[in-house]
Amino acid sequence: MRTLRRAFLCLFIAVVSTSVLRASQARPARASESVLVASPSGVIEARFVIEEKLEPYPPGRRLYYSVSVRGVRVILDSPLGLEFENMPPLARDLVIKGTSRRSVNETWSPVVPGKRSKVVDHFNEVRIDLEEAGAPRRRLALICRAYDDGVAFRYEIPQQPTIDEFRLTSERTHFHFSGN
(Lines give C-alpha, C1' and ligand atoms only; values in the text may rest on other atoms or scores of the structure.)
Protein backbone atom coordinates (compact mmCIF):
# COMPACT_ATOMS: atom_id res chain seq x y z
CA MET A 1 0.00 0.00 0.00
CA ARG A 2 2.91 2.33 0.77
CA THR A 3 4.40 1.69 -2.67
CA LEU A 4 1.09 2.61 -4.30
CA ARG A 5 0.96 5.86 -2.33
CA ARG A 6 4.53 6.67 -3.38
CA ALA A 7 3.62 6.07 -7.03
CA PHE A 8 0.88 8.68 -6.78
CA LEU A 9 3.23 11.15 -5.12
CA CYS A 10 5.93 10.85 -7.79
CA LEU A 11 4.31 13.69 -9.67
CA PHE A 12 2.91 16.05 -7.06
CA ILE A 13 2.31 19.68 -7.77
CA ALA A 14 2.19 21.55 -4.48
CA VAL A 15 -0.49 24.22 -4.57
CA VAL A 16 -3.38 25.10 -2.30
CA SER A 17 -6.77 23.34 -2.28
CA THR A 18 -10.10 22.02 -3.89
CA SER A 19 -14.07 21.05 -4.48
CA VAL A 20 -16.58 18.35 -3.67
CA LEU A 21 -16.83 15.79 -6.43
CA ARG A 22 -19.50 13.13 -6.71
CA ALA A 23 -18.40 9.61 -7.47
CA SER A 24 -19.75 8.26 -10.75
CA GLN A 25 -19.76 5.03 -12.71
CA ALA A 26 -17.53 4.46 -15.73
CA ARG A 27 -19.02 6.08 -18.79
CA PRO A 28 -17.97 6.95 -22.33
CA ALA A 29 -16.77 10.49 -22.97
CA ARG A 30 -17.25 12.61 -26.06
CA ALA A 31 -13.99 13.40 -27.85
CA SER A 32 -14.41 17.17 -27.46
CA GLU A 33 -15.51 17.24 -23.83
CA SER A 34 -13.29 18.31 -20.97
CA VAL A 35 -12.76 15.94 -18.07
CA LEU A 36 -12.52 17.76 -14.75
CA VAL A 37 -11.57 16.67 -11.26
CA ALA A 38 -11.70 19.01 -8.28
CA SER A 39 -10.16 18.65 -4.85
CA PRO A 40 -12.45 17.82 -1.90
CA SER A 41 -12.80 21.51 -0.94
CA GLY A 42 -13.10 22.64 -4.60
CA VAL A 43 -10.16 25.02 -4.50
CA ILE A 44 -7.99 23.04 -6.94
CA GLU A 45 -9.22 21.76 -10.29
CA ALA A 46 -7.44 19.72 -12.97
CA ARG A 47 -8.84 19.73 -16.53
CA PHE A 48 -8.01 17.27 -19.31
CA VAL A 49 -8.97 17.68 -22.97
CA ILE A 50 -7.92 16.28 -26.35
CA GLU A 51 -7.17 19.10 -28.79
CA GLU A 52 -4.99 20.09 -31.69
CA LYS A 53 -3.00 23.23 -30.95
CA LEU A 54 -0.81 25.51 -33.03
CA GLU A 55 2.94 25.97 -32.52
CA PRO A 56 4.82 25.93 -30.20
CA TYR A 57 2.76 22.88 -29.17
CA PRO A 58 3.51 19.45 -30.68
CA PRO A 59 1.53 18.64 -33.87
CA GLY A 60 -1.62 16.50 -33.89
CA ARG A 61 -4.53 15.93 -31.56
CA ARG A 62 -3.08 15.33 -28.11
CA LEU A 63 -4.16 15.04 -24.51
CA TYR A 64 -3.56 18.27 -22.57
CA TYR A 65 -4.03 19.11 -18.92
CA SER A 66 -4.27 22.35 -16.96
CA VAL A 67 -4.52 23.11 -13.23
CA SER A 68 -6.42 25.96 -11.58
CA VAL A 69 -6.31 27.17 -7.99
CA ARG A 70 -9.30 29.25 -6.86
CA GLY A 71 -10.23 29.78 -10.51
CA VAL A 72 -6.76 31.02 -11.55
CA ARG A 73 -4.87 28.79 -13.98
CA VAL A 74 -1.43 28.02 -12.53
CA ILE A 75 -0.53 25.42 -15.16
CA LEU A 76 -1.64 26.26 -18.68
CA ASP A 77 -2.52 23.61 -21.29
CA SER A 78 0.39 21.17 -21.18
CA PRO A 79 0.74 18.05 -23.35
CA LEU A 80 1.10 14.51 -22.03
CA GLY A 81 2.70 11.49 -23.68
CA LEU A 82 4.98 8.47 -23.47
CA GLU A 83 7.82 7.31 -25.73
CA PHE A 84 8.99 3.71 -26.03
CA GLU A 85 11.89 1.75 -27.44
CA ASN A 86 11.01 0.05 -30.76
CA MET A 87 7.44 1.36 -30.98
CA PRO A 88 5.82 4.69 -31.80
CA PRO A 89 5.09 7.22 -29.04
CA LEU A 90 1.75 7.02 -27.27
CA ALA A 91 0.73 10.67 -27.40
CA ARG A 92 -1.11 11.58 -30.63
CA ASP A 93 -4.57 10.89 -31.95
CA LEU A 94 -5.96 9.56 -28.70
CA VAL A 95 -9.68 9.17 -28.04
CA ILE A 96 -11.32 9.27 -24.61
CA LYS A 97 -13.13 5.94 -24.28
CA GLY A 98 -14.52 6.52 -20.81
CA THR A 99 -14.05 7.94 -17.37
CA SER A 100 -14.67 6.75 -13.82
CA ARG A 101 -14.45 8.61 -10.53
CA ARG A 102 -14.02 7.92 -6.86
CA SER A 103 -13.44 9.83 -3.63
CA VAL A 104 -11.32 8.70 -0.68
CA ASN A 105 -11.10 10.05 2.86
CA GLU A 106 -9.03 7.79 5.10
CA THR A 107 -6.25 7.99 7.67
CA TRP A 108 -3.23 5.72 7.85
CA SER A 109 -0.10 5.41 10.01
CA PRO A 110 3.35 5.53 8.38
CA VAL A 111 5.69 2.59 9.05
CA VAL A 112 8.41 5.02 10.14
CA PRO A 113 6.80 8.00 11.88
CA GLY A 114 8.06 11.38 10.76
CA LYS A 115 6.42 14.73 11.41
CA ARG A 116 3.04 13.03 11.78
CA SER A 117 1.96 9.78 13.36
CA LYS A 118 -1.24 9.79 11.24
CA VAL A 119 -1.58 10.76 7.58
CA VAL A 120 -4.89 11.93 6.13
CA ASP A 121 -5.45 10.67 2.58
CA HIS A 122 -8.36 12.75 1.24
CA PHE A 123 -8.78 13.16 -2.52
CA ASN A 124 -11.07 12.97 -5.52
CA GLU A 125 -9.88 10.85 -8.43
CA VAL A 126 -10.72 10.51 -12.10
CA ARG A 127 -9.55 7.72 -14.37
CA ILE A 128 -9.50 8.58 -18.07
CA ASP A 129 -9.38 5.58 -20.40
CA LEU A 130 -7.75 6.45 -23.73
CA GLU A 131 -7.19 4.61 -27.00
CA GLU A 132 -5.39 5.45 -30.23
CA ALA A 133 -7.86 6.44 -32.95
CA GLY A 134 -6.04 4.29 -35.54
CA ALA A 135 -4.06 1.07 -35.65
CA PRO A 136 -2.66 -0.46 -33.54
CA ARG A 137 -5.28 1.03 -31.14
CA ARG A 138 -3.09 0.86 -28.05
CA ARG A 139 -4.80 1.72 -24.77
CA LEU A 140 -3.64 3.92 -21.93
CA ALA A 141 -5.22 5.16 -18.71
CA LEU A 142 -4.44 8.42 -16.95
CA ILE A 143 -5.37 8.51 -13.27
CA CYS A 144 -5.48 11.94 -11.63
CA ARG A 145 -5.98 12.67 -7.93
CA ALA A 146 -6.92 16.14 -6.71
CA TYR A 147 -6.02 16.84 -3.09
CA ASP A 148 -6.67 20.02 -1.14
CA ASP A 149 -2.96 20.89 -1.43
CA GLY A 150 -2.07 19.64 -4.91
CA VAL A 151 -2.63 17.36 -7.89
CA ALA A 152 -0.96 14.04 -8.72
CA PHE A 153 -1.33 11.84 -11.77
CA ARG A 154 0.05 8.64 -13.18
CA TYR A 155 -0.12 6.59 -16.35
CA GLU A 156 -1.31 3.00 -16.50
CA ILE A 157 -0.83 0.74 -19.51
CA PRO A 158 -3.34 -2.11 -19.27
CA GLN A 159 -2.63 -5.61 -20.61
CA GLN A 160 -3.46 -5.72 -24.31
CA PRO A 161 -2.58 -7.75 -27.39
CA THR A 162 -0.83 -4.80 -29.09
CA ILE A 163 1.72 -4.35 -26.27
CA ASP A 164 3.46 -7.52 -25.13
CA GLU A 165 6.17 -5.80 -23.19
CA PHE A 166 7.72 -2.36 -23.44
CA ARG A 167 10.65 -0.22 -22.41
CA LEU A 168 9.75 3.37 -21.63
CA THR A 169 12.42 5.73 -23.01
CA SER A 170 10.83 9.07 -22.21
CA GLU A 171 7.86 10.45 -20.36
CA ARG A 172 6.75 13.62 -22.17
CA THR A 173 4.69 15.42 -19.54
CA HIS A 174 5.11 19.18 -19.94
CA PHE A 175 4.55 21.88 -17.32
CA HIS A 176 3.58 25.25 -18.80
CA PHE A 177 3.36 27.46 -15.73
CA SER A 178 1.34 30.67 -16.04
CA GLY A 179 3.86 32.76 -14.10
CA ASN A 180 6.87 32.68 -11.86
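The values are calculated or read from the model by the stated rules, or taken from the named source; none is laboratory data. Being a predicted model, the structure only gives us computed values, none of them experimental. Every residue, glycine among them, receives a Cβ derived from its backbone with ideal geometry; neighbour counts consider all protein chains shown. What goes into the accessible areas is simple: the full protein's heavy atoms, side chains included, and nothing from ligands, DNA or RNA. Shrake-Rupley method; radii C 1.70, N 1.55, O 1.52, S 1.80 Å.
Assorted remarks:
- Charged neighbours of residue 79, selected by a Cβ distance under 9 Å, balance to +2 (K, R count +1; D, E count -1).
- Selection of trypsin sites (Lys or Arg not before Pro), region 63-103, meeting DSSP coil and at most 13 other Cβ within 10 Å: 70
- Fraction of accessible area attributable to carbon and sulfur, region 84-179 (%, probe 1.4 Å): 48 percent
- Accessible surface of residue 93, taken over heavy atoms with a 1.4 Å probe and every protein chain present, rounds to 70 Å².
- If the chain linking residue 73 and residue 52 were pulled fully straight, counting 0.36 nm for each residue of separation and taking away their Cα-Cα distance, it would gain 5.6 nm.
- FRET efficiency, 1/(1 + (r/R0)^6) with R0 22 Å, evaluated for residue 154 and residue 108 via beta carbons: 0.70
- Taking Lys and Arg as +1 and Asp and Glu as -1, the other residues whose beta-carbon sits under 12 Å from that of residue 47 total -3.
- Cβ-based net charge around residue 68, under 13 Å, with every Lys or Arg adding one and every Asp or Glu removing one: +1
- Length released on extending from residue 173 to residue 131, taking residue separation times 0.36 nm less the Cα-Cα span: 13.3 nm
- The packing ranking, built from the mean of other Cβ atoms within 10 Å per residue, places the peptides 124-132, 78-86 in the order 124-132, 78-86, highest first.
- Length released on extending from residue 61 to residue 163, taking residue separation times 0.36 nm less the Cα-Cα span: 34.5 nm
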